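Novice: Quick one: the structure is below, and I'll ask about it shortly.
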Amino acid sequence: MKTKVVLASVVAVALAWMSASLLAHHGDAGRYEDKLTTVKGIVIELQLINPHSVVVLDVTEDGGKLVRWRGEAGSSTQLKGWCWTKDVIKPGDTVTMIGRRLKNGSPYMTLSENSRVIDAGGKEIYKGNDPGQPNQPGPCAPARTSGGR
């Protein structure tokens with residue numbers, strides 16, 4: 001009986017620690033600028049991975065310098081639920097990413113609040129959370145209503 005109590009206590013402490021770690025992970029701790037940054041470039045890779053998927057672009061800046069940008073999106077599970085596959089954007093495609101850049105100036109942005117990914121034809125294929133607005137589903141899912149259907 002004593003072994004079961006000790007084991008249950010260890011499991012409870014481990015779960016509490018993991019919960020705190022997960023919550024801490026999702027705070028951005030002021031890492032990103034408040035203003036939105038827009039970059040347009042050529043897709044190098046779409047990484048549909050957990051905990052966050054990543055869009056990798058080569059962007060030609062003013063003056064001709066090539067810079068590799070990364071945009072961190074939702075989980076692969078979330079994106080797959082919105083019908084995202086490796087074929088939604090492919091290497092060689094041109095896309096525009098709008099998101100909040102790291103404050104340290106690195107070519108990395110979060111595709112969360114108020115963010116967008118727009119394909120070469122001008123179609124919005126990803127929309128991050130907009131406070132007070134419903135999320136847009138992915139490129140093939142039917143639009144959701146306020147009732148969640």
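Novice: Looking only at the stretch 51-60, decide whether some residue is among the charged types (D, E, K, R) and in a strand (DSSP E or B).
Specialist: yes
Novice: Would you check which residues across the stretch 61-80 are touching a strand residue (DSSP E or B) at 6+ places or on another chain (Cβ under 8 Å), part of a loop (DSSP other than H, G, I, E, B) and of a type in the set (D, E, K, R) and list them?
Specialist: 61
Novice: On to the next question. Take the stretch 123-140 and flag every residue that is at pLDDT 85 or above, surrounded by 13 or more Cβ atoms within 10 Å (Cβ to Cβ) and of a type in the set (D, E, K, R).
Specialist: Answer for the stretch 123-140, where residues must be at pLDDT 85 or above, surrounded by 13 or more Cβ atoms within 10 Å (Cβ to Cβ) and of a type in the set (D, E, K, R): 124, 127.
Novice: Do we have any residue at all in the stretch 12-27 that's on the phi < 0 side of the Ramachandran plot and at pLDDT 90 or above?
Specialist: The answer is no; no qualifying residue exists.
Novice: Using the structure shown, decide if residue 68 is modelled with pLDDT of 90 or more and buried (at least 17 other Cβ atoms within 10 Å of the Cβ).
Specialist: So residue 68 does not fit the description; no.
Novice: Identify the residue in the stretch 81-122 that is hydrophobic (A, V, I, L, M, F, W, C), in a loop (DSSP other than H, G, I, E, B) and in contact with a strand residue (DSSP E or B) (Cβ under 7 Å, 6 or more places away or on another chain) and, among all such residues, is surrounded by the fewest Cβ atoms within 10 Å (Cβ to Cβ).
Specialist: For the stretch 81-122, the residue satisfying everything is 120.
The values are calculated or read from the model by the stated rules, or taken from the named source; none is laboratory data. None of the values given here were measured: they were computed from a predicted structure. We place every Cβ from the backbone using ideal geometry, glycine too, and count neighbours over all the protein chains shown.
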